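*Asks:* To start, I am sharing the structure in question, which I have written as structure tokens.
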Amino acid sequence: KSTLHTHKFPPISISAGFAGLYQLYRLRALGLSVKIFEAASGIGGTWHINRYPGVRTDCEAVIYQYDLEEVWKDWTWKDKYPSGEEIQAYFRYVDHKLDLKRDIYFNTRVTGAKWDEPSHLWNVSTASGLFVRARFLILCTGSLSKPLIPNIKDLSTFEGRCFHSSHWPQEGLDLTGKHVAVIGTGSSGIQVIENIASQVRHLTVFQRTPNLALPINQSRFDEKEQVKMKEMDLYNHIFRRLPQTFAGFLYEFQPIPFTSATTEAQRLLWESQWKAGGFHFWLGNYPDIFSDETVNREAYAFWRSKVRARIRNPALHEKLAPIIPPHPFGIKQPGLEQGYFEVFDRENVSLVDVKETPIEQVTPNGLAVRGGTIHTFDILVLATGFDSFTGAIIDIDIRLQRPNSTSVIPRQSDWITDCLKFLQDNDYTRIETKRDAEEAWRYLILEIASKRLWHKCESSWYTGSNLASTNTRPVEMLAFSGGLPLYLEKCAEAADNGYQGFELS
Ligand code: NA7
């Protein structure tokens, strides 16, 4: 009976990114007829959309892939940290292997989802005028998918080209010989900046907060090494290990706090982490750097000395790597860079500190900052980030729920898949979070966050404080910062106790 129900009203999953595709694959295996509605014209989610110069992952290829043997066994990565282009190729390959596209409606933006209580069905409407009814609605909309356009006076009066980093024009844009400005020095901004600096005539970077970026230490991912890893069954070993680590990476925080290590051990560890590159110096560091401000200052001082040594012009030291940290190290995601700091020593690059001289307004050919200076340019890039976590969901006009999420997508999809199977097997047609369980979850997130230094940061997409100027929602920690093992334990606990915290009917 329930199978009949669900076939008549197939589950709808929104977005064909990393999560949506995996969800489709898993639910198909349950025998459900799933459909994906995707606003973009192709698969890949964030990787289909973000095509700015230098776009690249922040984590190693080996963990940035599906843990499905039929997928990984025949795929070979080129770079240790793959480029956007390589990831797009990966998604094309995944589609080929799993035959996903036949259940995806592209160019179909979901604009409304209204729960109909009598029928226990979602009424889903799209911008293209489609109207469907679905028993289950799964939001795989991504945590950083809705661009944040800054609230700068007269932005629309700019006569050159202006676009958000995630909407980089794919045709008809040649930066050669152009005067270009970039606002924002987050992960996207630094990738854009280090990649276009040598191409443009002049680059003006508007920085609000220096990025405490780490060297990526990029290299090729040796093909023979990948073959060997597969032969030794290391991939499966890695996939089993990932959910047991705090952040779902290949490495874990140190087993002892900084204060228990000798000065020599501290130095040796940091030097080796710096050399290893990537997030080692962040997610492999001593755990107390996130909770003890004095320890954090030590880590920051190490970061600062490394960065300053790379910048020739001493006048830039205080701007890019100030004596007083702009915020504790690691409470904002550090960018991963390759040659970013050296860019500012170039003669064709200038740095404007917008804390010192705030942007006042856009003019037809540039930006006016406090004090009367006008910076002129032909192209304005807004690398200003995203309305994180809930931004894309709130846009859908959902009449029910309020989510909170973390990063391990396949494990979340597995949980959802098991949950739908349970509902189907037991003839349930409605699942709803209980208000008190929702509040308890929110308090758990806030309680964990209160023990760390997250609040010592003016602007962050972890909390939504980056939206201050647009003020779309209250500022509070949105990400679960208690680590993956605890998160997964809580998820399993709810399921094992008959979906405790949920109302089933
Ligand atoms: P981020 O990390 O949110 O960075 C946005 C940047 O834009 C950041 O430097 C902001 O400064 C800056 N910003 C935002 N609004 C303004 C205004 N009005 N004026 C000046 N500067 C501004 O987004 P990204 O796209 O770079 O990276 C997002 C994630 O994508 C990244 O962490 C990876 O996981 C992939 P602020 O620091 O808030 O002072």
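Only the coordinates and a few stated rules stand behind these numbers; no lab work does. Just so it is clear, the structure is predicted and the values come from calculations on it, not from any experiment. Note that we place each Cβ from the backbone using ideal geometry, even for glycine, and neighbour counts take in every protein chain shown.
*Asks:* With a ≥ b ≥ c the root eigenvalues of the C-alpha gyration tensor of segment 182-225, is it rounded (a/c under 1.5), prolate (a/b larger than b/c) or oblate? If you can, show how the numbers build up before the last one.
*Replies:* Values: a/c = 4.04, a/b = 1.80, b/c = 2.25.
It is oblate, given that a/c is not under 1.5 and a/b is not larger than b/c.
*Asks:* If you don't mind, another one. Principal axes first, then extents: for the Cα atoms of segment 277-349, list largest minus smallest coordinate on each axis, whole Å, largest first.
*Replies:* 40, 23, 17
*Asks:* Output the 0 to 90 degree angle, nearest 10, between the alpha-carbon long axis of helix 84-98 and the longest principal axis computed from the alpha carbons of the chain.
*Replies:* Tilt relative to the chain: about 10 degrees.
*Asks:* Past 22 Å, Cα to Cα, is the threshold; run Lys224/Lys306; Lys332/Lys456; Lys78/Lys228; Lys146/Lys456 against it and keep the listed order.
*Replies:* Values: Lys224/Lys306 33 Å; Lys332/Lys456 10 Å; Lys78/Lys228 15 Å; Lys146/Lys456 25 Å.
From Lys224/Lys306; Lys332/Lys456; Lys78/Lys228; Lys146/Lys456, over 22 Å: Lys224/Lys306; Lys146/Lys456.
*Asks:* What FRET efficiency do you get for Asn348 and Arg312 if R0 is 25 Å and r is their Cβ-Cβ distance, rounded to the nearest 0.05?
*Replies:* Working: r = 15 Å, r/R0 = 0.60.
Efficiency for this residue pair is about 0.95.
*Asks:* Label-point separation (nm) for Ala89 and Asp436, each offset 7 Å from Cα along Cα-to-Cβ?
*Replies:* Here the modelled spin labels are 5.6 nm apart.
*Asks:* Using 7 Å Cα-to-Cβ label points, what is the Lys114/Thr376 separation (nm, one decimal)?
*Replies:* Placing both labels 7 Å along Cα→Cβ, they lie 5.3 nm apart.
*Asks:* Once fully extended, how much extra length lies between Gln218 and Glu271, figured as 0.36 nm per residue of separation less the alpha-carbon to alpha-carbon distance? Before the final figure, lay out the partial values.
*Replies:* Details: separation 53, 0.36 × 53 = 19.08 nm, distance 1.71 nm.
That pair, Gln218 and Glu271, stretches by 17.4 nm at full extension.
*Asks:* What's the local net charge at Lys456, with K and R +1, D and E -1, over the other residues with C-beta under 14 Å away?
*Replies:* Values: positive: Arg297, Lys332, Lys451, Arg452; negative: Asp292, Glu293, Glu458.
Within the 14 Å Cβ shell, the charges total +1.
*Asks:* Could you give the length gained on full extension between Glu503 and Glu264, defined as 0.36 nm per residue of separation minus the Cα-Cα distance, in nm? Kindly include the intermediate steps, with their values, before the conclusion.
*Replies:* On the way: separation 239, 0.36 × 239 = 86.04 nm, distance 5.50 nm.
Here the answer is 80.5 nm.
*Asks:* If one takes the longest principal axis of the Cα atoms in the chain, at what angle in degrees, from 0 to 90 and to the nearest 10, does the Cα axis of helix 263-276 lie?
*Replies:* The angle comes out at about 70 degrees.
*Asks:* Can you tell me how much longer the chain between Ser41 and Glu70 gets when fully stretched, taken as 0.36 nm per residue apart minus their C-alpha distance, in nm with one decimal?
*Replies:* Numbers: separation 29, 0.36 × 29 = 10.44 nm, distance 2.59 nm.
Roughly 7.9 nm would be gained on extension.
*Asks:* Using a Förster distance of 45 Å, how high is the FRET efficiency between Leu486 and Thr176, based on the Cβ-Cβ distance and rounded to 0.05?
*Replies:* Values: r = 51 Å, r/R0 = 1.12.
The computed FRET efficiency comes out at 0.35.
*Asks:* Another question, if that's okay. Within the chain, what is the longest stretch that has no GluC sites (Glu not before Pro) placed in a DSSP loop and near at most 15 other beta-carbon atoms within 10 Å?
*Replies:* Values: sites that count: Glu159, Glu171, Glu252, Glu347, Glu356, Glu458, Glu476.
Answer - 1-158.
*Asks:* Around Thr46, with a cut-off of 15 angstrom between Cβ atoms, what is the net charge of the other residues, counting Lys and Arg +1 and Asp and Glu -1? If you can, show how the numbers build up before the last one.
*Replies:* Details: positive: Arg51, Arg56, Lys146; negative: Glu38, Asp58, Glu85, Glu86, Asp387.
Taking every Cβ under 15 Å from that of Thr46, the sum is -2.
*Asks:* Let me ask another. Which whole-number percentage describes the relative contact order of the chain, with Cα contacts under 8 Å and a sequence gap of 6 or more?
*Replies:* Values: 867 pairs, mean separation 101.8, N = 505.
Taking the mean separation of contacting Cα pairs over the length of the chain, I get 20 percent.
*Asks:* Right, something else. Please report Ser83, Ser505, Ser33 as a ranked list, fewest other C-beta atoms within 10 angstrom at the top and most at the bottom. List each step's numbers first, then the result.
*Replies:* Working: Ser83 17, Ser505 9, Ser33 14.
With the fewest neighbours first, Ser83, Ser505, Ser33 line up as Ser505, Ser33, Ser83.
*Asks:* What number, rounded to the nearest 500 deg cm²/dmol, is the helix-based mean residue ellipticity at 222 nm of the chain, given -39500 (n - 2.57) per DSSP H run of at least four residues and division by all its residues?
*Replies:* Computed ellipticity for the chain at 222 nm equals -9500 deg cm²/dmol.
*Asks:* Under 1.5 on a/c is rounded, so check that first for the chain, then, if it is not, pick prolate when a/b is larger than b/c and oblate when it is not; a ≥ b ≥ c are the square roots of the alpha carbon gyration tensor eigenvalues. Mind dumping the intermediate values first?
*Replies:* Working: a/c = 1.63, a/b = 1.36, b/c = 1.20.
Prolate, because a/c is 1.5 or more and a/b exceeds b/c.
*Asks:* Do any trypsin sites (Lys or Arg not before Pro) in segment 272-332 lie in a loop, going by DSSP, with at most 15 other beta-carbon atoms within 10 Å of their beta carbon, and if so which? Before the final figure, lay out each step's value.
*Replies:* Values: sites: Lys275, Arg297, Arg304, Lys306, Arg308, Arg310, Arg312, Lys319, Lys332; in loops: Arg310, Arg312, Lys332.
Taking segment 272-332 and a limit of 15 other Cβ atoms within 10 Å, the loop trypsin sites (Lys or Arg not before Pro) found are Arg310, Arg312.
*Asks:* Mind running the shape call on segment 122-243? Use the C-alpha gyration tensor, a ≥ b ≥ c as the square roots of the eigenvalues: rounded below 1.5 for a/c, prolate if a/b tops b/c, oblate otherwise.
*Replies:* Values: a/c = 2.29, a/b = 1.16, b/c = 1.98.
Oblate is the answer for segment 122-243, as a/c is 1.5 or above yet b/c matches or exceeds a/b.
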